[in-house]
Amino acid sequence: MKRSPFLSALLLGVLGLMAPASALTPAGTVITNQVRAEYLPPVAGDSGVALSNEVRTVVQPVCAASITPDGTASQPAYSVTRLPGETAAFAYTLVNAGNATFQFPLAGRVEGGSVSPALRVVQDLNGDGQLDAGEPDVTAISLSADESIRLLLVAGALTEGSALVNLVGSCTGGVADENNVSRVIVNPPPALTLSKTFTPALVRPGTETTVTLTATNSGAGESREVVVSDLLADQAAQGLTYVAGSALASGGTVEYTQDATSWAAQETAPVRGLRVRMPSLKPSETLRLSFRMLAAEAADGRKIPNTATVTTGGQVLSASVTADVRYLPAVAIGPQGDAEAVEGSDADRQSRNLGVVGQPVCFAHTARNTGDVSDSYRVGVGFSQGAASTVLLGEDGQPLAQPFVMQPGQTRVVRACYEPQQAGSLVAVLTIRGERGTRNATTDAVLNVEAGLPELRKSFLATTVNDSGQTVPVPQDRPVQVGDTLTYTLAVRNPYARALTDVMVADPLPAHLNFVSGSTGVQVSGGPGNQSVSWALGTLAAGETRTLTLITRVSDRAVDGEALKNIFTLVSSEFTTPLPSNETSTPVWKAKLVVTKNVSAREAAYGDRLLYTLTVTNQSETTAIVDAVVVDTAPRGLEYVPGSSTLNDEALADPDIVSGDKTFTATWTVPRIAPGGTVTLTYVSRVTPEASGTMINTVRVSGAGAGGVAKAIASNRAQATTRLNLLRFAPQADIVGIVYVDRNRNGLYDQAIDTPVSRARVLLAGGREALTDDRGRYSFGNVPIGTHALRLDPNTTPYVALITPQAGGLSSTRTAHVTGLTSVDFPLAPPGGDISVLRRTTLTVGDVRLEKTVFVRPGGYTVHLRILSPRVLNGVTLTDPLPAGATLKEGRNTFSGSFSAGETVLTYQFDWTGESRAATTDPSLSWRN
């Protein structure tokens, strides 16, 4: 507190007289003063004190302002630096140093310097020495004695330079306090810039990009604290997230936030914002913050903006940049090995000089995924000239599966094969398209499309050496044999108006032909069994024909039934795919078919029946004969007896009969004669009055080997001779009879009870035979009168012969004296004694019939299955189920195998004690053909 010298002296004087004091005596105070002197009394008992007169003084009001801290221009109370545009606040304290309440006017005053800032006095309400919002400006303040107040002298709107400012306080009648000078220096301003980058700015999903924030002070002055911030919550929501541990700063302190409110120097997940704090940036100094961000698949196709800020001294700057998150799909297709040839350039165009209508011409291409992401592709074809059908193939030669997927950098071979539809030229554009919107194209061209192919013709001549050592042609109806020679003629013609170049003809020989010789220039490669011959013909001029000769020999490696198939091929610069010639096929057969023929009688008379037996043997040890054709030519005076044909003792369909002049030719087909196998065919002819002299009957067999490859395998010719002896003519008789199941075992045919047996074979001594009809009847006509023996073939009936008094013994053989019309019956009895028919069932499938008859016998049942077919049945499966609980006793109720043409009979017995109406079941029959 400041006081005037006069007052101080007066006060001290008073205090010295009365008592010490720390402040001015309040105005109006009455001061009483009396001097007291003490002495040694001269008189004992005297007090020794002398008092002066009393003086009374009234204190007057004194005004005094005291502002601290003090300062002068040379020694300012404060000296601060600021930046242009900022404010400076200086803290002072005003004390009323007077002895009464006074009003103190207050003002700021510029005492000097290069600038004159605006000044104002503000009451510092909270005494913190800082300018706070809501604190009032003051121009005067009333204070009681010794009361104080905190004030701020605020210098605002600062510009670059310096100023001396003073807070002046005074009161009326008092002394002003004006030695409170402070200095403010306004430095050159900083100039901050902020930049932000994504590196790379184009981000592929699944990869990272580096974010770099750069704050630079490009001004002349040092900045206040710099804070560079980047909030990342919006980016994370779109799939672009911070990579943990990737933040780096060139200085200062890095801080992280999860909620954009609380910041910490410790990184915790998830990071939703970063910032770096730097106390200041000097001129030209840079603060850099970088970190990495990962693009997820969810960010694909997004452009994700990001804005960073830098703050300093109340200044806020921002910088924005966008991360483009997407794949860069791309695709290319071009000639094979050059997928990335520039589209439309000569390098991206393939051409062929020559093509042919209806013949494929192929171009190979390479497709490549040149992008950075997997994609699915389709290839299509369009034509700018001409028209063709197109097949797209993969590297494996199989149809190209579309769409197909390629990973980045992966390639795929695409072959386009065009089949031109018209002459002229053909230009095709092959385009590949990806599902991500990419495309690329390449061009294929056939400059000249012709209407036809080069003509390739191949023919051969088969020759053999006969018994005289002469080389003669092999008959056309005979297959070639080991040692025969095959001479091939190869003819090539260029039908075009332009030459064919680099022509090559090649002929791979069948494995069982051996090379002998060839035309000039022939080249042979490979050993026996794997030989190939070729000729380099060079240029084949327009319209030119070349003829080549190739001589081969059938090797001893050839087998029966083999076909020696042979083609040759042509390639040229214009036809890189081999063109084939026609195929020649030569069957091989070295074994023979041998046929013998016998007749039942060497002499015959009119009306006699002759039984012919044909035996055919396949001498091949390796190959079957299929569809053998047996042709028998009968002499004049013989006629075929219908229904008399058999094959291996099985009924055979009647032959095809071609009638001539009182004669006939019969043709049978035998389905198969196994390797080394023999078949026997029989038939009956009747001697007619047209016969005369010696009757010679001739037969020949031809067939096909190896499933029809060798078409002409002929047998020898076989003959059977019968002489007509008219002296044997005599009165004739007839034999008739019935073969039947004798139900009551009485030896007599009772139509109401007994069962006729069809297709039973009855033999007449001398070789004649007959088959019973559906009613069990047979007959022999024109039998000489006399005693004759007859026999029932037991293999043709399902029942055993019946011994009866009428039969005179076993009924399978009968002896009868024949005269006129003689009846000879054959009664039969089924196993198990007397039976009766329980049920008859017929199953018909096309021309095949299955007849089932169930007979009752003591303790069980007998089943008779009769299968009738006009042809051989292969792969037969026959099942006749037993009733539930029945026991099979004899025979079999199933069959697997083959049935010959005609009739097949199966019989079986089973025991069963159930009801008779449940004893019958339905059979099933199936076959392969």
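Every number here is computed from the coordinates shown, using simple stated rules; none is lab data. Bear in mind the structure is a predicted one, so any value in this text is a computation, not a measurement. All Cβ positions, glycine included, derive from the backbone under ideal geometry; neighbour counts span all protein chains shown.
Once the piece of chain linking residue 318 and residue 431 is laid out straight, how much longer is it, given 0.36 nm per residue of separation minus the C-alpha distance between them?
Residue separation times 0.36 nm, minus the Cα-Cα distance, leaves 35.9 nm.
Residues in the stretch 585-613, backbone N under 20 Å from the label point at residue 765 (7 Å along the Cα-to-beta-carbon vector): list them, ranges by number please.
Only 600-605, 608-611 fall inside the zone, counting backbone N under 20 Å.
Can you sort 687, 559 by how many other beta carbons sit within 10 Å, fewest first?
559, 687
Tell me which of 402, 330, 826 sits at the most positive position along the dipole axis of the chain, charges placed on C-beta atoms (Lys, Arg +1; Asp, Glu -1).
Sorting the options by dipole projection puts first 826.
Taking 0.36 nm per residue of sequence separation and subtracting the Cα-Cα distance, how much length would be gained by fully extending the chain between residue 871 and residue 44, in nm to one decimal?
Gain in length upon complete extension: 278.6 nm.
Over its Cα atoms, what ratio of radius of gyration to 2.2 N^0.38 Å does the chain give?
Ratio of Rg to 2.2 N^0.38 Å for the chain: 2.27.
Given points 7 Å out from each Cα along the Cα-Cβ axis, report the residue 359 to residue 32 separation in nanometres with one decimal.
With each label placed 7 Å out from Cα toward Cβ, I get 15.4 nm.
Quick one: 3J(HN,Hα) in Hz for the stretch 890-904, Karplus 6.51/-1.76/1.60 with θ = phi - 60°, rounded, Gly and Pro as x.
9, x, 9, 9, 9, 8, 9, x, 10, 10, 6, 5, x, 10, 10
Report the net charge of residues surrounding residue 859, where surrounding means a beta-carbon distance below 12 angstrom and charges are Lys +1, Arg +1, Asp -1, Glu -1.
+1
Which net charge results when you count Lys and Arg as +1 and Asp and Glu as -1 among the other residues whose beta-carbon is under 14 Å from that of residue 558?
-1
With labels modelled as points extended 7 Å from the Cα through the Cβ direction, what inter-label distance (nm, one decimal) is found for residue 821 paired with residue 879?
Computed distance between label sites residue 821 and residue 879 equals 5.1 nm.
Please report how far the C-alpha centroid of the stretch 448-471 lies from that of the stretch 294-368, rounded to the nearest whole angstrom.
So the two Cα centres are separated by 59 Å.
If the label point is 7 Å along Cα→Cβ of residue 422, which residues in the stretch 361-396 have backbone nitrogen under 11 Å from it?
Those under the cut-off are 385-388.
Any idea what angle helix 5-17 forms with the longest principal axis of the chain, computed on alpha-carbon atoms, 0 to 90 degrees, nearest 10?
Once rounded, one gets 70 degrees.
³J(HN,Hα) across the stretch 242-248 via Karplus (A = 6.51, B = -1.76, C = 1.60, θ = phi - 60°), whole Hz, x for Gly/Pro?
Values, residue by residue: 5, 8, 4, x, 9, 6, 9 Hz.
Determine, from the Cβ-Cβ distance of residue 466 and residue 383 and an R0 of 51 Å, the FRET efficiency 1/(1 + (r/R0)^6), rounded to the nearest 0.05. Could the numbers behind the result be given before it?
Working: r = 62 Å, r/R0 = 1.21.
It comes to 0.25.
In whole Hz, what ³J(HN,Hα) sequence does the stretch 147-162 give by Karplus (6.51, -1.76, 1.60; θ = phi - 60°), x for Gly and Pro?
Values, residue by residue: 6, 10, 8, 8, 10, 10, 8, 9, 9, x, 6, 6, 10, 4, x, 9 Hz.
Starting from 0.36 nm per residue, how many nanometres of slack lie between residue 777 and residue 298 once their C-alpha separation is accounted for?
162.9 nm
Name the long-range amide H neighbours of residue 872: under 5 Å, sequence gap of 5 or more, or other chain; modelled H, no Pro or chain starts.
It is 901, by chain and number.
Let me know the charge dipole size of the stretch 192-325 about its Cα centre in debye, to the nearest 20, where only the beta-carbon of Lys, Arg (+1) and Asp, Glu (-1) is charged.
Approximately 200 debye in magnitude.
In the stretch 76-115, whose amide N lies under 14 Å from the spot 7 Å out along Cα-to-Cβ of residue 150? List them in ranges.
Of the residues in the stretch 76-115, 90-94 have backbone N under 14 Å from the label point off residue 150.
Per DSSP H run of n ≥ 4, the term is -39500 (n - 2.57); total these for the chain, divide by its residue number, and report the mean residue ellipticity at 222 nm rounded to 500 deg cm²/dmol.
Taking each H run of at least 4 residues, the total per residue is -500 deg cm²/dmol.
If I take R0 = 41 Å and measure r between the Cβ atoms of residue 840 and residue 672 in this structure, what FRET efficiency does the formula 1/(1 + (r/R0)^6) give, to the nearest 0.05?
The pair residue 840/residue 672 has a calculated efficiency of 0.75.
Using the Cα centre of the stretch 22-93 as origin and beta-carbon charges of +1 (Lys, Arg) and -1 (Asp, Glu), tell me which of 75, 33, 61 is placed farthest towards the positive end of the dipole.
Checking the options against the dipole of the stretch 22-93, the answer is 75.
Determine the alpha carbon to alpha carbon distance for each of 458/590; 282/303; 565/597 and list only those over 32 Å.
From the list (458/590; 282/303; 565/597), the Cα-Cα distance tops 32 Å for 282/303; 565/597.
If I take all pairs of Cα atoms in the stretch 331-450, what percentage of them are more than 19 Å from each other?
43 percent
Which cysteines in the chain lack any other cysteine whose Cβ sits under 4.7 Å from their own Cβ?
Taking the Cβ cut-off of 4.7 Å, the chain has no unpaired cysteines at all.
Would you please give the FRET efficiency between residue 231 and residue 118, computed as 1/(1 + (r/R0)^6) with r the Cβ-Cβ distance and R0 = 30 Å, to the nearest 0.05?
0.20
Out of all DSSP beta bridges with both ends in the chain, state the antiparallel percent to the nearest 5.
About 90 percent, rounded to the nearest 5.
In terms of modelled amide H atoms, which long-range or inter-chain residues lie less than 5 Å from the amide H of residue 436?
Distant-sequence amide H within range of residue 436: 376.
Around residue 839, which amide H atoms from residues at least 5 apart in sequence, or from another chain, sit under 5 Å from its own amide H, with H modelled in the peptide plane?
854
Over what distance in Å are the Cα centres of the stretch 17-96 and the stretch 749-772 separated?
Answer, in whole Å: 175.
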